[in-house]
Amino acid sequence: MQKSLRSEQSAAFSLVELLTVVAVISILSALTAPLLSSIFGASGLSHHTYGLVDAFSLARDHAMARNTFVWAELRAVEKNGTATLSVVISESRDGSTSFDPANRTILNRTADLRGVALSDWRPAGVEGTIDIKEGVIEFNPRGEVRVRGAAFGNQIRLALVEERDRARPLPQNYSVVSLASLTGRIAVTRP
């Protein structure tokens, strides 16, 4: 009889052992939660960055194929309490550089990159670099690119950051889209 009682006692976990396991699991989850959120956040930022690159590629290709001027208008807006970067692509109706609304045709509906904003943070630049936070990027029929209303520069850069990361400006929370002015080449870097 005593033998069976002893085997039943050794088969169960004590309350102290169960609480120890729960404490270890909670500590590990508390340590890994920020890591996992930054990994998933980087994935969302990459998705939005390449969405912006696709919009710029569409604008440049359309300008060259149709032998006209095409503009990518960048607007920082607030939608339902979330920072949103809106990109509107339009082309010149008569092939001129006139940015008059009567001379523009919208090529696509507005691309809204929700939860993303253009940032003030910039990596160290090279001479002739134009960093923009909002404005209009113009593509000409030769595939060249410039910021409308700005002096000519060798390169245009935009730094994107997810809205939730704007409070902690760390370089790893950004992606930078660069456009070479003369060639229209688009590059993405993650500092």
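The values are calculated or read from the model by the stated rules, or taken from the named source; none is laboratory data. None of the values given here were measured: they were computed from a predicted structure. With ideal geometry, Cβ positions are generated from the backbone for all residues, glycine too; neighbour counts draw on all protein chains shown. Protein only, heavy atoms only, side chains kept; ligands, DNA and RNA dropped before computing areas. Shrake-Rupley method; radii C 1.70, N 1.55, O 1.52, S 1.80 Å.
Number of residues in the range 54-74 that are within 15 Å of SER92 (Cβ to Cβ) and in contact (Cβ under 8 Å) with a residue 12 or more places away in the chain equals 13.
Please indicate, with yes or no, whether at least one residue in the range 75-86 is modelled with pLDDT under 90, out of contact with any Lys or Arg (no Cβ under 6 Å at 6 or more places or on another chain) and surrounded by 17 or more Cβ atoms within 10 Å (Cβ to Cβ). Show your work before the answer.
First, pick out the residues of the range 75-86 that are modelled with pLDDT under 90: 75-86.
Those still in the list that are out of contact with any Lys or Arg (no Cβ under 6 Å at 6 or more places or on another chain) too: 75-81, 83, 85.
When the remaining residues are screened for being surrounded by 17 or more Cβ atoms within 10 Å (Cβ to Cβ), the result is 83, 85.
Within the range 75-86 (the criterion being modelled with pLDDT under 90, out of contact with any Lys or Arg (no Cβ under 6 Å at 6 or more places or on another chain) and surrounded by 17 or more Cβ atoms within 10 Å (Cβ to Cβ)), the answer is yes, since at least one residue qualifies.
The numbered conditions (1) modelled with pLDDT of 80 or more; (2) open to solvent by 60 Å² or more (accessible area, probe 1.4 Å) are all true for SER96 except (2). The set of residues in the range 61-96 that are farther than 18 Å from GLY149 by Cβ and hydroxyl-bearing (Ser, Thr, Tyr) comprises THR68, THR82, THR84, SER86. Within the range 41-74, how many residues are in contact with a His (Cβ under 9 Å, 6 or more places away or on another chain) and either open to solvent by 40 Å² or more (accessible area, probe 1.4 Å) or not in a strand (DSSP E or B) (or both)? Number of matching residues: 1.
Tallying residues that are free of Cβ contacts under 8 Å to residues at least 40 places away in the same chain and in a strand (DSSP E or B) within the range 85-113 yields 11.
Screening the candidates ASN154, ASN67, ASN103, ASN140 for the property of being touching a Ser or Thr at 6+ places or on another chain (Cβ under 9 Å) and modelled with pLDDT of 90 or more yields one hit, ASN140.
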